[in-house]
1. Could you pull out the residue among 153, 164, 63 that is within 25 Å of residue 47 (Cα to Cα) and modelled with pLDDT of 95 or more?
2. Looking at the range 146-158 only, could you name the residues that are farther than 15 Å from residue 39 by Cα and loosely packed, with under 14 Cβ neighbours inside 10 Å?
3. Please specify each residue of the range 126-157 satisfying the condition of being at positive phi and assigned to a strand (DSSP E or B).
4. I need a count of the residues in the range 83-117 that are modelled with pLDDT of 85 or more and in a loop (DSSP other than H, G, I, E, B).
5. Given the options 135, 129, name the one that is under 22 Å from residue 7 (Cβ atoms), surrounded by fewer than 21 Cβ atoms within 10 Å (Cβ to Cβ) and within 13 Å of the chain's Cα centre (by Cα).
6. Is it the case that residue 126 is at pLDDT below 95 and touching a strand residue (DSSP E or B) at 6+ places or on another chain (Cβ under 9 Å)?
7. For the range 39-50, check the following and say yes or no: at least one residue is crowded, with 22+ Cβ neighbours inside 10 Å, free of Cβ contacts under 8 Å to residues at least 60 places away in the same chain, in contact with a helix residue (DSSP H, G or I) (Cβ under 8 Å, 6 or more places away or on another chain) and part of a strand (DSSP E or B).
8. Would you call residue 56 closer than 17 Å to residue 167 by Cα and outside any strand (DSSP E or B)?
């Protein structure tokens, strides 16, 4: 695909009064691939009876393979812990070293559609990178909690699958990809388990 960039702009759906029920959408155009959208929470991913214990994130688009993540809710997004990842209609796997101290050590290792990826936090919690051999997608959020804009920069042989996964993880609570983020979010995650 070569070097290119894209922006997804934030908007809310109507009809949901409480912030817990508010559905967030980020949408935009990716050069050569058309429209793409990130939805959190993606209600269609979680059975009605399970919506108090699980939440989903979903990426769809004109020429982007769908990818989704379902996990325990935290701060309006699915958490990595015990999450389920699907890419292009197929189950995918991921793991991370919880006890690693550096950002590279704590990064996610993702296996999807016959490829191996690494997803890491870069200089701060608003910057992430999805990498595989010969391809990279750098992501940046205008703010950490509720960004107005999610930007992506595509490098190397990155394709629609890479872009779909990179966008998806902007809708997943991944604060614990850095040691500082894990320490900051630990009390809230602990209390979440008690409720």
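The values are calculated or read from the model by the stated rules, or taken from the named source; none is laboratory data. Keep in mind the model is a prediction, meaning the values are calculated, not measured. When we count neighbours, we look across all protein chains shown, and the Cβ atoms used for this are built from the backbone with ideal geometry, even at glycine.
1. It is 164.
2. 157
3. Selection gives 156 alone.
4. Adding up the residues that qualify gives 6.
5. Selected residue: 129, the only one of 135, 129 that is under 22 Å from residue 7 (Cβ atoms), surrounded by fewer than 21 Cβ atoms within 10 Å (Cβ to Cβ) and within 13 Å of the chain's Cα centre (by Cα).
6. Considered against the rule, which asks whether it is at pLDDT below 95 and touching a strand residue (DSSP E or B) at 6+ places or on another chain (Cβ under 9 Å), residue 126 comes out as yes.
7. Checked the range 39-50: no residue is crowded, with 22+ Cβ neighbours inside 10 Å, free of Cβ contacts under 8 Å to residues at least 60 places away in the same chain, in contact with a helix residue (DSSP H, G or I) (Cβ under 8 Å, 6 or more places away or on another chain) and part of a strand (DSSP E or B).
8. The answer is no for residue 56.
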